[in-house]
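The values are calculated or read from the model by the stated rules, or taken from the named source; none is laboratory data. Remember, predicted model here, so these are calculated numbers, not experimental data. Glycine also receives a Cβ, built like all others from the backbone with ideal geometry; neighbour counts cover every protein chain displayed.
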Amino acid sequence: MLKLLDDNFFKKLPLNKSQTRLLKMSLGLISYVITLSTLWIFIEPTATKEDTVTNIIKAFYWVTTTLTTIGFGDIVPTSNFARIFTIFVEVSGVAIYSVVFAQVARVFVAIDKKEEAISTKIEDLTSLLRHYNVPLKLQKEAIHCYSHLLDTRVQNSEEGVLNELPPSLAHEIRLHMLTKPLAKIPLFAHCRSECLKDVALHLVEKQFAPGQTIFQQNDLASEMYIVGNGEVSIIRDGQALAQLKNGACFGESSLLEDKPRSASAVSRSYTTLYSLSSVQFHDLLAKHQDLRQQLERIHQARNDDLKSNVAA
């Protein structure tokens, strides 16, 4: 339990401040209940008259009902010290639950505010489209796309915060925000931090709608891509070869071999991609041997799998 309550543990969780605080309070409350139950067994003379399991269950039951000030009266203190202990538990229960419920309310209020902000933006877009009599089909597509962007991206609020910082500091933070997810991608998993920063510095964000072609089979290769959010189909001669999701890389083989695209790539949903141009790709490979070695290993593994599938 002490390990769980360590700050380093909570920093690794994908939670905001309110959610982290609520989780800490919940774990702290569990620890508090366990402590009070243990003390009750030692303090109350009649608490040890039955078997161990029953004693423990009754102790948890007494603490829960007393903390919540329900107190059914079926288990009562029989000594003055136990009565004083009971008063302490009741008073602390009022204080604890007041704080916990207040924190729960804050979390739900924050969620409501976010949903309200998204709803307001969608209503503004809808009013604009209707004002200019945009065709209904185009309206639906625009609203669907905008809803996706608002729901899956927090960059807008992040950028608003970062823009208030000094440019140099904001730049370093943006690099860190990009390098952290890069390190989880197999292609960059064994790269040093200097390499990850260089890659992040040259990535360009691009948006694709459902059904939009990213590149065609036999096209000249000019970029490689990383899926930030969404799904991409890899298609060769009309046959789907793979469905790529968040964190997947594609298009790098053609750049490495300097050959035309061996397959087409089509967005299956509203998709956010991060692209790296051919020139930047080769510059990074020349500068960072760890990236080149990892890329060659992955490329060789893919070729081996392809040969195995053909042989089968």
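The criterion of at least 2 residues that are in contact (Cβ under 8 Å) with a residue 60 or more places away in the chain is met, among strands (runs of 3 or more DSSP E) falling completely within the range 220-312, by 271-277. Set side by side, the residues Ile57, Ile34, Ile87, Ile30 differ, and just one is modelled with pLDDT of 85 or more and within 29 Å of the chain's Cα centre (by Cα), which is Ile30. Residues in the range 115-133 that are β-branched (Val, Ile, Thr) and either out of contact with any helix residue (DSSP H, G or I) (no Cβ under 9 Å at 6 or more places or on another chain) or modelled with pLDDT of 85 or more (or both) were compared, and the one that is nearest to Leu150 (Cα to Cα) is Thr120. When residues in the range 37-54 are screened for being at pLDDT 65 or above, in a helix (DSSP H, G or I) and farther than 18 Å from Gly93 by Cα, 8 of them pass. Across the range 261-282, a minimum of one residue is classified as at pLDDT 90 or above and surrounded by fewer than 13 Cβ atoms within 10 Å (Cβ to Cβ). Restricting the search to the range 179-219, which residues are assigned to a loop (DSSP other than H, G, I, E, B), in contact with a helix residue (DSSP H, G or I) (Cβ under 9 Å, 6 or more places away or on another chain) and of a type in the set (A, V, I, L, M, F, W, C)? Result: Ala183, Ala189, Cys191, Leu203, Ala209. For the range 90-103, filtered to residues that are aliphatic (A, V, I, L, M) and exposed (fewer than 14 other Cβ atoms within 10 Å of the Cβ), the residue that is modelled with the highest pLDDT is Val91. Residues that are over 30 Å from Ser147 (Cα atoms) and among the charged types (D, E, K, R) were ranked within the range 231-260; the one that is surrounded by the fewest Cβ atoms within 10 Å (Cβ to Cβ) is Asp237.
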